[in-house]
1. Of everything in the range 1-42, what is among the basic types (Lys, Arg) and modelled with pLDDT under 95? Give them in sequence order.
2. Taking the condition of a type in the set (Gly, Ala, Ser) and buried (at least 17 other Cβ atoms within 10 Å of the Cβ), does Gly42 pass?
3. Among (1) acidic (Asp, Glu); (2) within 19 Å of Val120 (Cα to Cα); (3) open to solvent by less than 40 Å² (accessible area, probe 1.4 Å), which single condition is Glu89 missing?
4. Enumerate the pairs (first residue in the range 100-124 and of a type in the set (Lys, Arg); second residue anywhere and surrounded by 19 or more Cβ atoms within 10 Å (Cβ to Cβ)) with beta-carbon separation below 6 Å, excluding pairs fewer than 6 apart on the same chain, so at least 6 apart or on different chains.
5. Considering Gly66, Gly56, Gly35, which residue is out of contact with any strand residue (DSSP E or B) (no Cβ under 6 Å at 6 or more places or on another chain), open to solvent by less than 60 Å² (accessible area, probe 1.4 Å) and either more than 18 Å from Gln119 (Cα to Cα) or not in a loop (DSSP other than H, G, I, E, B) (or both)?
6. Every residue in the range 1-32 that is hydroxyl-bearing (Ser, Thr, Tyr) and in a strand (DSSP E or B), please.
7. Could you list, in sequence order, all residues of the range 70-79 that are in a strand (DSSP E or B) and surrounded by fewer than 17 Cβ atoms within 10 Å (Cβ to Cβ)?
8. Restricting to the range 19-32, what's the tally of residues that are open to solvent by 30 Å² or more (accessible area, probe 1.4 Å) and either closer than 19 Å to Ile102 by Cα or of a type in the set (A, V, I, L, M, F, W, C) (or both)?
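The values are calculated or read from the model by the stated rules, or taken from the named source; none is laboratory data. Everything numeric in this text was worked out from a predicted model, so none of it was measured. We place every Cβ from the backbone using ideal geometry, glycine too, and count neighbours over all the protein chains shown. With ligands, DNA and RNA removed, areas are computed over all heavy atoms of the protein, side chains included. Shrake-Rupley method; radii C 1.70, N 1.55, O 1.52, S 1.80 Å.
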Amino acid sequence: QVQLVESGGGLVQAGGSLRLSCTASGRTYSTYIMGWFRQAPGKEREFVAAIIRSVGTTDYRDSVKGRFNISRDNARNTVYLQMNSLKPEDTGVYYCAAQLSIGRLRIPSEYDYWGQGTQVTVSS
């Protein structure tokens with residue numbers, strides 16, 4: 001019922017910036033929480049940021065606070081992840097996810113729909 005498509009990934013030098021976009025289609029009005037997760041080789045998928053779509057309340061993992069910003073444009077059914085001061089440790093596949101109910105923001109299993117992922121590589 002909800003389709004998510006990420007874009008904006010790529011290769012960037014350490015200290016640079018990148019903006020990811022996630023565009024939703026289908027029953028977009030049913031999405032209560034939008035989140036970004038990432039997965040590096042050999043590691044479990046980890047929470048990056050989330051936003052409560054209706055009011056704009058946000059949450060971030062500690063390592064990206066002050067560097068990343070999640071925002072949404074409800075009229076365009078799009079959620080963004082602005083990533084600044086990127087570090088090699090930020091490298092991974094970034095996934096957009098949507099949660100239909102009020103669940104825990106940082107737990108992947110709470111999300112109902114996922115995008116295909118977009119690769120972010122930060123070089124030194």
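1. Arg27
2. Criteria not met by Gly42.
3. (3)
4. Going by the 6 Å Cβ cut-off, the qualifying pairs are Arg106/Phe47.
5. Being out of contact with any strand residue (DSSP E or B) (no Cβ under 6 Å at 6 or more places or on another chain), open to solvent by less than 60 Å² (accessible area, probe 1.4 Å) and either more than 18 Å from Gln119 (Cα to Cα) or not in a loop (DSSP other than H, G, I, E, B) (or both) holds for just one of Gly66, Gly56, Gly35, which is Gly56.
6. Ser7, Ser21, Thr23, Ser25
7. Ser71, Asp73
8. Going through the range 19-32 one residue at a time, the tally reaches 3.
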